[in-house]
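The structure under discussion appears below in the form of C-alpha cells.
The values are calculated or read from the model by the stated rules, or taken from the named source; none is laboratory data. Just so we're clear, the structure is a prediction, and the values are computed from it rather than from any experiment. Cβ placement follows ideal geometry from the backbone for every residue including glycine, while neighbour counts extend to all protein chains displayed.
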Ligand SMILES: [Zn+2]
C-alpha cells in the first residue's frame, strides 16, 4: 500500500460516545460533553417522551432539537420492547414510528440505532435496514480500538465504567497501528443512580479538548469510514478517486494529503 488512512485533519485517534433511552440525565451529560468539546449520539424512544416510571423521568419531545444540538439523535425503538417477543410487523412499526417521530423533531434524516436490551438477530436487522437505518450498536464490548467492519453489529469498545482501564492504552497506541477508535456507551441515568457524575466528568476532562483526537458522532464515523474505504484505485495503484461527499485524509510516505469530494489524487 502506498498510503495509510487518517481521520479528518490527519488525526490517528477518534472518540465517540453513545447513550441510550433519553432520560432527563441526558441534559447534564450533554452539558459535560459540550464543556469538553466531545460529541455523542443519543438513541431515543419517542414513545417514552414526557413519561416517568419509579426509576426514570424521560425528556420532553419539544426539547429534543435544542438539547442534542451538535450531537446526533438516533433510534432506539418507539417504546423499548424486547424485540424477541415481537412479530416482524410489530418490529417494523417500532422502528419506523420512532424514526419518523425523531425526524419530525430534529429536521434531518435519522440514520442510526442502538439495540434495546442489546438484543439483535437476523430478522431484526433486516427490518432495521428496510426502514433505512444504516448502523446499530450492540452492548458487546470489544475492549479494543479496532474499526467497525459490520455497521449493523457495531460493537463498542466498552461501557463507560470500564473506560478508565483503557485510557493509557488509547493514549499510547503506537503510530504504526494506524487508525484507532475509542467507542464508549452507557445510559446517563447510571451516573445519577450510581452517584458517578464525578467519574464521567473526569473521563471527559481526560479525553476532551485534545488536538490529537477527532471527536465525532456515530454517524460521522460511519460516513467517514465509508468514504475512506470507498476510494477507487486505478489498476496500477497510482491514482485514487473519491466519489463521496467528503474529504478523505491520507498519509502518503509521511506527508498528509487530502482528496476532496469528487477529486482524484496521483500517488506516484
Ligand atoms: Zn435502552
| query | Among the helices (runs of 4 or more DSSP H) confined wholly to the range 188-257, which include 3 or more residues that are over 30 Å from residue 55 (Cβ atoms)? | reply | 218-229
| Out of the range 9-35, which residues are surrounded by 17 or more Cβ atoms within 10 Å (Cβ to Cβ) and within 25 Å of residue 146 (Cβ to Cβ)? | 11, 12, 13, 14, 15, 16, 17, 18, 19, 20, 33
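Run down 124, 113 and say which single residue is touching a residue at least 40 places away in the same chain (Cβ under 8 Å), over 28 Å from residue 28 (Cβ atoms) and under 20 Å from the mean Cα position of the chain (by Cα).
124
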| query | Is one or more of the residues making up the range 70-77 more than 15 Å from the ligand (Cβ to nearest atom) and without any contact (Cβ under 8 Å) to a residue 24 or more places away in the chain? | reply | no
| remark: The condition of being in contact (Cβ under 8 Å) with a residue 24 or more places away in the chain, within 16 Å of the ligand (Cβ to nearest atom) and on the phi < 0 side of the Ramachandran plot holds, among 188, 238, 180, only for 188
| note | Filtering helices (runs of 4 or more DSSP H) wholly in the range 58-145 for at least 2 residues that are in the same structural domain as residue 189 (by TED's automatic domain parsing), buried (at least 17 other Cβ atoms within 10 Å of the Cβ) and in contact with a strand residue (DSSP E or B) (Cβ under 7 Å, 6 or more places away or on another chain) gives 88-106
